[in-house]
Structures are given as structure tokens and as C-alpha cells.
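The values are calculated or read from the model by the stated rules, or taken from the named source; none is laboratory data. It should be emphasised that the depicted structure is a prediction, and the values quoted were computed from it without experimental measurement. Virtual Cβ from ideal backbone geometry, glycine too; neighbours counted across all protein chains shown. Accessible surface is based on the protein model in full, side chains and every heavy atom, while ligands, DNA and RNA are left aside. Shrake-Rupley method; radii C 1.70, N 1.55, O 1.52, S 1.80 Å.
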Amino acid sequence: MHLYTDAMRPWQIFALAVLLSFASNLSRLHAQAGSAPDVILIDATAARHPFSHYWEKMFGSGRAILSLRDSYRKDLRSVKQITDFTYIRFHAILDDEVGVYDEDNQGQPVYNFSYVDQIYDGLLANGVRPFVELSFMPYKLAASNSLQAFWYKPNVSPPKDWGRWDALITAFVHHLVDRYGIEEVSQWYFEVWNEPNLDFWAGQPRQDTYWDLYDHTALAIKQISPRLRVGGPATAQAAWVDAMIRHCAEKHIPLDYVSTHVYANDLAQDVFHTQENIPRDQMVCRAVKKVHEEITASAMHSLPLIWSEFNASYKNEPEVTDAIYMGPWLADTIRQCDALVDSMSYWSFSDVFEEQGVVKTPFYGGYGLIAEDGIPKPAFNAFKLLHQLGDERIDLDSDSALLTRRKDGALVLAVWNYAPPDQAGSSKTFTLRLKGAKAKHALISLLDHDHGDVQSTWEKMGKPRYPSMKQIEDLRHAADLPSPETRRIKDGELSITLPSHGLALIELK
């Protein structure tokens, strides 16, 4: 319908335009004022189930040799303190820089486990066990000089001699059992290679030659002791798991668990072979669900699923992995993946990391929870808050909250305001309505632009590439989460407003 007509005078047109503008603004203001908060019913008597902290049992890290650095071990202790994680996974324990394999003048194998011992001693001294990824190929054992693109150029060739590969694995694992004892090493995991479906494996055809690698490795390990745990295929993009199980079942090859990877910005065509546009907050758990269902439908339907790499990005995106976006993303990923996976390994715990070369600036979109110079990122604070969740999950009708009960009986709730990293989003108010709980107070911890966001402080400094010692101190201080705020619960209700990308951890007492 057209409101403007030829018969209207100019003053009438102007008056009508003013009236329409006023009405539009009034309508918008009314809609804003009248928008109801999200009401979340906290029913302490609702159905519940065990809630293992599967997202913080294991972390990935830079390659093996970096674990000898003091900065690596300091970061490890910091993450251990806030998560109490028990396993760590890294590439390249067999890489030449670790010095495990050599050959003498007669071409006979020579083994050296000196650095291996220092690496694993350092982990165990800090209360963390190895998740042993068996990679990459020593140069003198490689069939070809096939170098992957990482800065440290690992050789990803198959072995030139399968008998020598078997002997290396046997000697390596025997040494671990001799040094640490079977009671200890039987609690470790051995994982065969890393992402053989990508350029980390030069065998052709990739899958068939990886089966050869897996079969030789698994049989060698099990000959030492059937108590030792071995698995794979450690693929990218949630690939090959169903084929792996079929292969092992048909060939009677040991398989104690399956492992694979996905990142939130992986493409649907690579993970699901579809042309969907899967949002970043849904990709990881959709992939986990896919693999979970493949295991359930297989001949080995009770196999544990270990997701040995995940993160919100496989690229260096500062607006993602360095930002407060990670709080809601991680919390919602935990909510969605619950009961589908035994363990998930965030990649990685620290930016002591050199796959793309030496770190050039503290905040470059690195994968770690802790930036260079021991500066905790918002992701570190997200893990710190979510560690406080209980070990029993209570049903909740919300896709923005997670309700748990701790062993001491306290109800602990995570609430978040998710928005994609490239969208500013808007604030959101949540009203928590308690049922079956006698809590009178709430302890509220926040992660948002004003609480624990070190990246914004760095930006205000002018993004110094090499912060001074004083600036490093200020950045660490900015990363600290303040003490929880205490709020009264009135008439069984509590309201909280979260900015976009905000995360709250609420303990009801």
C-alpha cells in the first residue's frame, strides 16, 4: 500500500514522514523494553547422569623436544593447576631431533633414549602421563625424504624396512617398560601416527599403507604386553574410523580405542561429504556424534572414543583462539558432546609451539591456553571456570546453560551468551528460576571484555610485538579473573545479564 499520493501537499508529506518515523522508533523501543529475558528453570530434582570432565583429561602440545624447555614446563604446571589434566599428547617423539634412531658405519640400527627419558621424566614429575603418538619417521629409517610443511620439517615417509620399524618400536616400548614399569606404562596410550589421511603420511595409497603401519606397530606393542593400549587412526576430519574398525576386526589386529580429530572451522564437504554450511559452534560435536554412531554400529561397538585434537580453529585466528569468544564456544561444545566421547584433547595447552615457526608476537591466534611469556588467554580462564562444574549433570531445557551438582551437594551452573566471532552480538538477560533447591546466595564468576580478557589490554597497549617486562606484568594482571561476586537469590529467582561472548560460572549456595 502506498501512503504517499499526488494529492498530498508538501507539508502533509513532511508531517506524515515525521509521524511514521516516530511510530517506528516507538515500536522499536517498546520491543526492546518488552523483550522478555531467557528464563532457565533450575530443577534440582530433574533427571541426572554422571558427568566426567572429559574435556580436560588431556591436552595437546607442541612437538616432543619442546617439552624440555622451562617455559613449556611452567605452562604445563599452570594448566595442571586449573584442570588437573592427566595426559599430554605431542608429535615427533621419533623425530631426528630427539635422537632415538641412528645407524652405525655398517648400517646397523643404533638406539638412544636419553632425550626420551628426559621428556617423559619431566611429564611424570608434574603429574601428567604421556599419550604417546608414535611419529615421525627417522631420516635413516625412511623410504624417502618426504618432508611435511611444518617449520621443523618432519619426515612422513613409510619405513624403508618393516623389520627395522618393528625392531625400533619393540626397543622403544621395551625401554619404557624397563624404566617406568608395566604398572605405569599400562596406564599410558600408544597412538599410531598423526593424521595419515592428510600430508602427514606419504605412503601410497594412504589408507592401505597406513593399515600396514598400524598392523606392524600394534602387533609389536602387544607382543611386549597385552596390557599396553594401542589405537588410531588419529585422522583429521573424523575420517577412517569405521574403516579402521572393519580392518582390525577382519584381520584380528589389536585395537583398544579409536582416535580422530576435527576443528570447528573444518568444512562439511571434508567431514560429512555434504555441501552444508555448518556453524562453528556445531561442527565439532556433529563430527563427534558421527563417529560415536559409527562405533556403536560396528563389530567393536564398545570401543572407547578419544578425540585427540579439537579446537575452535585450525588456523591462526586471533579473533577466535585469543579472544573471549572461546568461553561460550567451549562451554557449548562441552554441553553438546557430553555422553558421546570418552576424552577430548584441546589443541593445545601452550603457545610454546613452532609448527608455523618461531612465535613473532604474543597474540597471533595461537592454539594454546597460554601465550608467550606465560600470559593466560581467555581460553585459559574458560577452562579454569568450567573445571568448577560438578561431576553429575542435571537435565536443563536450555542451549545456553549447563547445570551440574558437585560432590559437596552444591549446584553449579554455567551460562553463556554465544555469538559467532565475526558478530558483535548483543547483551542477553537470563532469569534463573529455582525449583527444589534451597539456595539463598549465588557466587558469580564472569569471563567477558571486562573480566579476564587480556587481548583487549594488549590492544590498548598498541599491540607491542615484544612487550616490556612491565607490560608483561600488566598483561598477566589483566588476565586474572576477579573474585566471584556474591548475589542474593530473591523469591527463588536470580537474573544475570551477559554481554555478547560472555560466560558466567554460578555456584548456588
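Give the shape of the range 302-359 as rounded, prolate or oblate, defined through the alpha-carbon gyration tensor: a ≥ b ≥ c are the square roots of its eigenvalues, a/c under 1.5 means rounded, and otherwise the shape is prolate if a/b is larger than b/c and oblate if not. Verdict is oblate for the range 302-359. Note on Tyr314: accessible area is roughly 90 Å² with a 1.4 Å probe, heavy atoms of protein only. For the listed peptides 257-269, 370-382, 478-490, a ranking on the average number of other beta carbons within 10 Å per residue, highest first, reads 370-382, 257-269, 478-490. For percent of Cα pairs over 42 Å apart, the candidate list reads (i) 20; (ii) 35; (iii) 27; the entry that matches the value derived from this model is (iii). Each label point was placed 7 Å from the Cα along the Cα-to-Cβ direction; for Leu68 and Tyr111 their separation is 1.9 nm. Per residue, the chain reaches -10000 deg cm²/dmol at 222 nm when only DSSP H runs of four or more residues are counted, each adding -39500 (n - 2.57).
A simple count of charges around Leu41, restricted to other residues whose Cβ falls under 15 Å of its Cβ and scoring Lys, Arg +1 and Asp, Glu -1, yields -4. Axis of helix 162-180 versus longest Cα principal axis of the chain: the two differ by about 70°, to the nearest ten degrees.
Near Glu493, once Lys and Arg are set to +1 and Asp and Glu to -1 for all other residues with Cβ below 15 Å from its Cβ, the sum equals +4.
Applying both filters, DSSP loop and at most 13 other Cβ atoms within 10 Å, to the trypsin sites (Lys or Arg not before Pro) of the range 264-315 gives Lys315.
Overall, the accessible surface of the range 322-409 at a probe of 1.4 angstrom is composed of carbon and sulfur to the extent of 44 percent. Here the relative contact order of the range 358-509, from alpha carbon pairs under 8 Å that lie six or more residues apart, stands at 34 percent. Largest accessible area first, the listed residues Leu389, Leu147, Leu396 line up as Leu147, Leu396, Leu389 when surface is computed with a 1.4 Å probe on the assembled protein chains. For the chain, the longest principal axis of the alpha carbon atoms and the long axis of helix 206-224 meet at an angle near 70°. Extending 7 Å from Cα along the Cβ direction at Asp391 and again at Leu198 yields two label points whose distance is 3.5 nm.
Under the criterion of Cα pairs below 8 Å and six or more residues apart, the relative contact order for the range 425-500 equals 61 percent.
A cut-off under 13 angstrom between Cβ atoms defines the neighbours of Lys140, and their net charge, with Lys, Arg +1 and Asp, Glu -1, is -4. For the range 31-170, the convex hull spanned by the alpha carbon atoms encloses 232 Å³ per residue. Using only the Cα atoms of the range 98-156, build the gyration tensor, take square roots of its eigenvalues as a ≥ b ≥ c, and label the shape rounded, prolate or oblate: rounded if a/c is under 1.5, else prolate if a/b is larger than b/c, else oblate. Cα axes put the range 98-156 in the oblate bin.
Entry comment: accessible area of the chain is 44 Å² per residue, from protein heavy atoms only and a probe of 1.4 Å. Rolled with a 1.4 Å probe across the full set of protein chains, the surface gives Asp450 an accessible area near 130 Å².
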